[in-house]
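In what follows, a structure is listed as structure tokens, so that the remarks can point back to it.
The values are calculated or read from the model by the stated rules, or taken from the named source; none is laboratory data. Everything numeric here is computed off the predicted structure, so don't read it as measured data. Because the Cβ atoms are built from the backbone with ideal geometry, glycine has one as well, and the counts that use them run over all protein chains shown. Only protein heavy atoms, including side chains, enter the accessible area calculation; ligands, DNA and RNA are left aside. Shrake-Rupley method; radii C 1.70, N 1.55, O 1.52, S 1.80 Å.
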Amino acid sequence: HKEYRRQRQMCIRDRQLAFQDGLRTMSKSGVTIFTWALVTGLAMGKSTLTLWQAVSMSLLVFAGTAQLAALPLIALGLPVWTILITAFVVNLRFVIFSIGMQAHFCSLPLWRRATLGYFTADFGYLMYTSRYPEAHPPEESATARRSRITFMYGLTCGNWSIWQLGSLLGIVFAG
């Protein structure tokens with residue numbers, strides 16, 4: 001029983017270290033992400049959106065290029081379908097990212113893949129695939145595979161947090 005508990009604690013510690021490594025890795029691009037988010041937030045804050053619409057857009061859409069592409073269309077009062085198609089086309093690169101990441105995370109349940117899909121942005125994709133170009137090396141242990149996934153969660157949480165901070169500050173400063 002003691003051995004099981006010790007192994008479990010080591011596993012938890014390994015995951016914590018992998019998550020922190022992901023956060024640290026993403027923080028290297030923090031200024032760039034924050035600046036782009038701040039500009040996007042300022043644009044949303046100066047647009048025809050209300051404060052709560054801009055905040056909601058930042059929290060739910062989480063795609064700066066799509067947000068910036070949608071703002072003039074919203075201001076013109078164009079139909080929702082036009083705005084959605086525009087956002088889809090602007091974000092087609094995320095389909096390519098998904099294809100590139102599919103082999104890395106195919107063993108995860110759908111809800112976890114969907115969560116990672118929502119939170120994975122350009123920097124997260126590039127940083128993850130730079131570190132782990134091969135999906136599942138034959139010699140990789142289950143622990144190492146879990147650490148990869150946890151590293152990705154660290155990347156995505158870091159990216160999302162930096163983005164939201166910059167975007168929300170931009171919205172507030174614009175007001």
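Numerical summary
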| item | result |
| --- | --- |
| Apportionment of accessible area to carbon and sulfur, the chain, percent (1.4 Å) | 68 |
| 222 nm mean residue ellipticity, helices alone, for the chain (DSSP H n ≥ 4; -39,500 (n - 2.57); rounded to 500) | -27000 deg cm²/dmol |
| Whole-number D in µm² s⁻¹ for the stretch 52-124, Kirkwood Cα-pair radius fed into Stokes-Einstein, 10 °C, 1.306 mPa s | 117 |
| Centre separation in Å (Cα based) which lies between the stretch 69-120 and the stretch 1-30 | 29 |
| Pairs of alpha carbons in the stretch 93-172 whose separation is greater than 16 Å (percent) | 52 |
| Label of the coordinate-derived value, volume of the Cα convex hull per residue in Å³, listed as [x] 108; [y] 129; [z] 246 | [y] |
| On Cα atoms only, tilt of 64-75 relative to the major axis of the chain in degrees | 20 |
| Protection-proxy order for peptides 83-96, 24-37, each taking the mean of Cβ atoms within 10 Å per residue, highest first | 24-37, 83-96 |
| Order by protection proxy (mean Cβ within 10 Å, highest first), peptides 97-110, 45-58, 133-146 | 45-58, 97-110, 133-146 |
| Between 0 and 90°, nearest 10: helix 142-174 axis offset from the chain longest Cα axis | 20 |
| On Cα atoms only, tilt of 80-90 relative to the major axis of the chain in degrees | 50 |
| Among Leu155, Ile96, His1 - extreme Cα towards positive end, dipole of the chain, charges at beta-carbon | His1 |
| Residue-wise HN-Hα coupling along the stretch 92-102, computed from phi with Karplus coefficients 6.51, -1.76, 1.60 (Hz; x: Gly, Pro) | 4, 4, 5, 5, 5, 4, 4, 4, x, 9, 3 |
| The stretch 1-59 shape via C-alpha gyration tensor axes, a/c threshold 1.5 | oblate |
| Unit charges on C-beta of K, R, D, E only; dipole of the chain, Debye | 600 |
| Residue among Gly77, Gly22, Gly124 with the largest mean-square fluctuation in a Gaussian network model of the chain, springs linking Cα atoms under 10 Å | Gly77 |
| Heavy-atom surface of the stretch 1-51, accessible at 1.4 Å and reported per residue (Å²) | 72 |
